[in-house]
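Participant: Attaching a single structure in structure tokens format; questions to follow.
The values are calculated or read from the model by the stated rules, or taken from the named source; none is laboratory data. Bear in mind that the values here come from a model prediction, so they are computed numbers and not experimental data. Cβ atoms come from the backbone with ideal geometry, glycine included; neighbour counts cover every protein chain shown. Note: accessible area is taken over every heavy atom of the protein model, side chains too, but ligands, DNA and RNA are not part of it. Shrake-Rupley method; radii C 1.70, N 1.55, O 1.52, S 1.80 Å.
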Amino acid sequence: QVQLVESGGGLVQAGGSLRLSCAASGSIFAFNAMGWYRQAPGKQRELVASITSGGTINYADSVKGRFTISRDNAKITVYLQMNSLKPEDTGVYFCNGVYVSYAWGQGTQVTVTS
């Protein structure tokens, strides 16, 4: 069973940066597309960035040019570098598969102040 543990969130001023990490257990991780999801207060969870096992990357329009997703299959970890943060980026960030859904982790809180 794959377990996902997100970390790296925090409180940051607008314009700042954070780097999120998602450590996964389970060898099947290396073969699956993984994504970072964001759940803003009062809103549904949305996919903001994804990366396939082959390295194909997609971003939501709201984060294009500011966020960078990457993965290290050897470390079974997915990263999300977030730059030029805006207050609307505030939310709990989760990682999970894109086409295969695993049990959701606790997520990591990102709060951006203006």
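Participant: Across the stretch 42-90, what fraction of all alpha-carbon pairs, as a whole percent, falls in each successive 10 Å bin from zero upward?
Facilitator: Distribution as computed: 22, 52, 24, 2 percent.
Participant: If you take the alpha carbon radius of gyration of the stretch 56-114 and divide it by 2.2 N^0.38 Å, what ratio comes out, to two decimals?
Facilitator: Expressed relative to 2.2 N^0.38 Å, the Cα Rg reads 1.21.
Participant: Using only the Cα atoms of the chain, each taken as one equal point scatterer with no solvent, compute I(q) by the Debye sum, divide by I(0), and report log10 of the ratio at q = 0.11, 0.12, 0.18, 0.19 Å⁻¹.
Facilitator: The computed values of log10 I(q)/I(0) come out as -0.30, -0.36, -0.82, -0.92.
Participant: In a shell of Cβ-Cβ distance under 15 Å around LEU85, excluding LEU85 itself, what net charge do Lys and Arg (+1) and Asp and Glu (-1) give? Show your work: numbers first, answer last.
Facilitator: Values: positive: ARG19, ARG38, LYS64, ARG66, LYS86; negative: GLU88, ASP89.
Combined, the nearby Lys, Arg, Asp and Glu give +3.
Participant: Taking only protein heavy atoms into account and a 1.4 Å probe, give the accessible area per residue of the chain in Å². Don't jump to the answer; show the numbers that get you there.
Facilitator: On the way: 5900 Å² over 114 residues.
Using a 1.4 Å probe on heavy atoms only, each residue of the chain averages 52 Å².
Participant: Now for a different question. Using a 1.4 Å probe on the protein chains only, how many percent of the accessible area of the stretch 42-114 belongs to carbon and sulfur? Show your work: numbers first, answer last.
Facilitator: Working: 1850 of 3860 Å².
After summing per-atom areas, the C and S share lands at 48 percent.
Participant: I need the phi-derived Karplus couplings for the stretch 48-56: 6.51 cos²θ - 1.76 cosθ + 1.60, θ = phi - 60°, integer Hz, Gly and Pro marked x.
Facilitator: 10, 7, 9, 8, 7, 5, x, x, 6
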